[in-house]
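The values are calculated or read from the model by the stated rules, or taken from the named source; none is laboratory data. Here the structure is a predicted model, which is why all the values come from computation and not from measurement. Note that each Cβ is placed from the backbone with ideal geometry, even for glycine, and that neighbours are counted across all protein chains shown. Only protein heavy atoms, including side chains, enter the accessible area calculation; ligands, DNA and RNA are left aside. Shrake-Rupley method; radii C 1.70, N 1.55, O 1.52, S 1.80 Å.
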Amino acid sequence: VLALNGKIREVGDKILASNGREVDFASALQSCEEAGGTIATPKNEEENKAILGIVKQYNRYAYLGIKEGQTSGQFMYINGTPLNYTKWHQYEPNGKGMEKCVEMYTDGSWNDKKCNVNRLTICEF
């Protein structure tokens, strides 16, 4: 269970929380789902900034709830819907099918990344 002392942020109708642990994408997704949520997924600038606040708090890159689809270079929310907001870092995404997950840098921009790298877990509820 997530220990949430002082680590909860509210943005719009979402609640964001992190347990401070760094794991691979599948483990991050599993721990968020076990807690009744999913991996934090920014759908607008306000949500991106709220997630960034947690990223900065831990000073760690974090996974986002976005994955590359069947088409190389085409990213979507993990529920399969198309992205309606992006904040890619300059020259990203550049993994061309090899980097199927997305991480947030400590400046709030996004990078495509291999899914087996350990990154901060941030969940949304």
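General observations
- For ILE122, the residues whose modelled amide H falls within less than 5 Å of its own, excluding neighbours fewer than 5 places apart on the same chain, are ALA40, TYR63.
- Note, ³J(HN,Hα) from phi for segment 106-118, Karplus 6.51, -1.76, 1.60, rounded to Hz, x at Gly and Pro: 6, 9, x, 7, 10, 9, 7, 8, 4, 7, 9, 7, 7
- Burial order of peptide ranges 79-86, 107-114 (average beta-carbon count within 10 Å, highest first): 107-114, 79-86
- The angle between the Cα long axis of helix 25-34 and the main principal axis of the chain comes to about 40°, on a 0 to 90 degree scale.
- Charge dipole magnitude, Cβ of K and R +1, D and E -1 - the chain, Cα centre, debye nearest 20: 220 debye
- Solvent-accessible area assigned to carbon and sulfur over the chain amounts to 47 percent, based on a 1.4 Å probe.
- Inter-probe distance in nm under a simple model that places probes 7 Å from Cα toward Cβ, at ASP107 and ALA26: 3.3 nm
- Bridgeable aspartates and glutamates around LYS96 (alpha carbons under 13 Å apart, same-chain partners fewer than 8 residues away excluded): GLU68, ASP112.
- Here the calculated FRET efficiency for ALA35 and ASN59, from their Cβ-Cβ distance with R0 = 35 Å, stands at 0.95, rounded to the nearest 0.05.
- Of all beta bridges that DSSP places with both ends in the chain, some 90 percent have antiparallel geometry.
- Between helix 45-58 and the chain there is an angle of about 70 degrees, using the helix long axis and the longest principal axis of the Cα atoms.
- Prolate/oblate/rounded label for segment 23-124 (Cα gyration tensor, a/c 1.5): rounded
- Cross-link reach is defined here as a Cα-Cα straight distance under 28 Å, omitting same-chain residues fewer than 8 places apart; for LYS14 the lysines meeting it are LYS43, LYS49, LYS56, LYS67, LYS87, LYS100, LYS113, LYS114.
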